[in-house]
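A quick write-up on the structure given underneath.
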Amino acid sequence: MQFSHSNLSRRKLLASAAGLTAAGLILPHGARAQEPKRGGTLRIGHSGGATSDSIDPATFAAGPVVTAMLAVCNNLVEIDAAGTAQPELAESFEPDAEARVWTFRLREGASFSDSRKVTADDVIASFNHHRGEDTKSGAKGSLEQVKDIRADGDNTVVFELDSPNADFAYLTSDYHFIIMPTKEDGSLDWQSGLGTGGYVLEDMEPGVRITLKRRDDYWKADRAWFDEAVLLTINDPTARQNALMTGEVDVINSPDLSTLHLLERRPGLNLVEVTGTAHYTMPMFCDVAPFKDANIRRALKYSINRQEVLDKVLRGHGKIANDSPIAPANRYYAEDLPQHSYDPDKARHYLKQAGMDDLKIEISAAEAASVGALDMVQLFSEAAKPAGIDLTVKREPDDGYWSNVWLKKPFCVSYWNGRPTEDDMFSLVYAKGAEWNESHWENERFNELLLEARGELDESLRAEMYREMQELVSEDGGTIIPIYVNYIDVANDKVAHGEVASNRFFDGWKIVERWWQA
């Protein structure tokens with residue numbers, strides 16, 4: 001079984017591809033150009049940047065550094081606009097009959113920006129950077145299934161897994177797993193900033209600005225159209241919108257939804273909106289009181305008015321969630337689970353089950369966590385009062401939120417772009433011991449199912465397993481997930497694009513490579 005860039009379909013991947021469907025693409029002023037053309041500068045107003053940002057892929061969380069490095073580097077596989085895994089730096093990939101051994105063959109013409117040909121050793125170093133006891137990578141948990149990575153000549157890499165994984169090709173598209181050069185000792189030379197992508201890293205001031213320059217020898221003839229790209233960190237949504245309206249930038253992500261209608265009516269601006277797997281979360285440390293008690297967690301899940309959050313925070317640009325990270329865009333989304341709805345009486349019931357008449361707790365939040373995060377927790381605080389819950393909101397600084405608050409505070413606001421497969425999302429955030437298990441949740445049955453479902457090739461059995469896992473996360477898990485959120489970008493008429501991907505904002509974070517000057 002072999003896959004190439006031209007013939008891979010959604011169901012050929014051992015009938016296990018997870019589909020991401022673009023439900024809507026709104027282009028009120030006709031942003032698409034007939035034919036791409038080279039030249040010009042793309043200026044991006046980007047959320048999520050911080051002074052602690054680094055080009056070390058082990059540290060990637062979100063923000064402009066990720067968008068920039070996905071233009072400087074390639075992955076073995078990328079996700080296209082249809083949600084399909086397509087070979088990128090690999091020209092093909094092939095699993096064995098059990099999906100336990102995966103073979104990736106590299107493109108002959110691909111090279112780093114210093115003209116050195118990319119080899120299997122570079123790929124091995126890039127993945128090993130996230131493996132082993134000493135790594136601090138947030139993607140470490142995703143690769144624990146990898147038993148061995150070895151070269152079969154200069155152009156072929158073989159991944160041997162400890163158990164079958166029908167979705168492994170999708171996993172290699174994760175933004176952590178960009179391919180960078182290896183050092184002589186086999187470690188990753190991430191400090192060089194070299195990649196095989198269409199751009200080179202010209203300059204970087206963390207939390208402020210990143211400048212990229214196009215390289216003329218990029219192996220993709222139909223990508224990397226701009227001469228230059230400048231990514232500005234603008235964490236405040238009002239400031240981002242002002243930068244767009246005054247012409248300081250050409251495109252922004254995550255606009256202020258309360259004023260989105262004004263942008264939609266403004267001539268020369270184009271709204272790009274797609275559904276995907278993004279969701280807001282509020283993780284509770286399950287190993288810290290009072291969240292150790294599952295009854296407390298359930299009380300809080302019934303104390304938030306999800307419809308109110310959808311209407312007032314997202315202005316309807318999303319969907320009510322049910323405390324599971326698997327979204328309607330995912331293939332195995334369990335839409336039949338009983339919905340957690342706002343019910344103060346039921347919340348009080350669970351408080352009493354925990355031996356409490358009332359509860360006083362604090363939640364940390366900042367606008368940097370997600371657009372509308374502060375409004376969401378304020379609504380939560382008011383809605384929780386009839387249930388006897390006194391929820392105090394602690395506003396944290398925007399700068400450094402992801403390094404100083406997330407994974408540090410026992411109750412906070414978080415945001416996830418989601419992942420193209422259920423296994424990747426669950427392995428990264430909900431598996432026992434995962435680096436990014438933001439709620440410290442452990443469930444023996446869930447972890448058993450995680451391994452079983454990963455290698456199950458029977459579609460119906462796999463669907464049953466993922467349904468049970470979603471139910472376990474929803475009922476027992478330590479994370480409140482009130483809403484799924486659409487990806488919304490706003491661009492001016494100076495830039496154009498084709499069909500955009502729905503796996504993340506900014507065209508799957510590939511905006512620098514895929515868009516062009518209008």
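Points worth noting:
- Backbone N within the stretch 329-365 under 14 Å of label point (7 Å from Asn295 Cα along the Cβ vector): 346-359
- Taking a straight line from the alpha carbon of Lys117, these lysines sit under 30 Å away, with near neighbours fewer than eight places off in the same chain left out: Lys37, Lys136, Lys140, Lys147, Lys183, Lys213, Lys220, Lys510.
- The fewest-to-most ranking of Ser403, Ser47 by surrounding Cβ atoms within 10 Å reads Ser403, Ser47.
- A Förster distance of 30 Å, applied to the separation of the beta-carbon atoms of Thr246 and Ser54, puts the FRET efficiency at 0.50.
- Fewest neighbouring Cβ atoms within 10 Å first, the residues Asp489, Asp122, Asp185 line up as Asp185, Asp489, Asp122.
- A quarter of the convex hull surface defined by the alpha-carbon atoms of the chain gives 21.7 nm² as the mean projection.
- In the chain, the DSSP beta bridges split such that about 75 percent are antiparallel, to the nearest 5.
- Length gained on full extension, Arg395 to Glu160: 80.0 nm, using 0.36 nm per residue less the C-alpha separation.
- Subtracting the Cα-Cα distance of Ala82 and Ile361 from their residue separation scaled by 0.36 nm leaves 96.2 nm.
- Its relative contact order, with pairs defined as Cα atoms under 8 Å and 6+ residues apart, puts the chain at 24 percent.
- Taking trypsin sites (Lys or Arg not before Pro) across the stretch 371-429, the ones in a DSSP loop with at most 16 further Cβ atoms lying within 10 angstrom of their Cβ are Lys408.
- For the stretch 279-485, with +1 on Lys and Arg beta carbons and -1 on Asp and Glu, the positive-most of Tyr415, Tyr484, Asn404 along the dipole: Asn404
- Amide N of the stretch 116-139 lying under 14 Å from the label point, which is placed 7 angstrom from the Cα of Arg38 along Cα→Cβ: none
- The stretch 279-485 - percent relative contact order, Cα under 8 Å, separation 6 or more: 37 percent
- FRET efficiency, Lys432 to Thr238 (Cβ-Cβ, R0 41 Å, nearest 0.05): 0.50
- Cα→Cβ-extended label distance, 7 Å offset, between Glu264 and Asp287, nm: 4.6 nm
- Global form of the stretch 301-388, assessed from the alpha-carbon gyration tensor, a/c cut-off 1.5: oblate
- Cleavage-rule hits (trypsin sites (Lys or Arg not before Pro)) in the stretch 474-518: DSSP loop, at most 16 neighbouring Cβ within 10 angstrom: Lys494
- Listed by chain and number, the lysines placed with their C-alpha closer than 23 angstrom to that of Lys292 are Lys301, Lys346, Lys352, Lys360, Lys385, Lys394, Lys408, Lys409, Lys432; residues fewer than eight positions away on the same chain are left out.
Readers should treat all values here as calculations from the given coordinates under stated rules, not as data from a laboratory. These numbers were taken from a predicted model, which means no experiment stands behind them. Here Cβ is always computed from backbone atoms with ideal geometry, including for glycine, and neighbour counts include all displayed protein chains.
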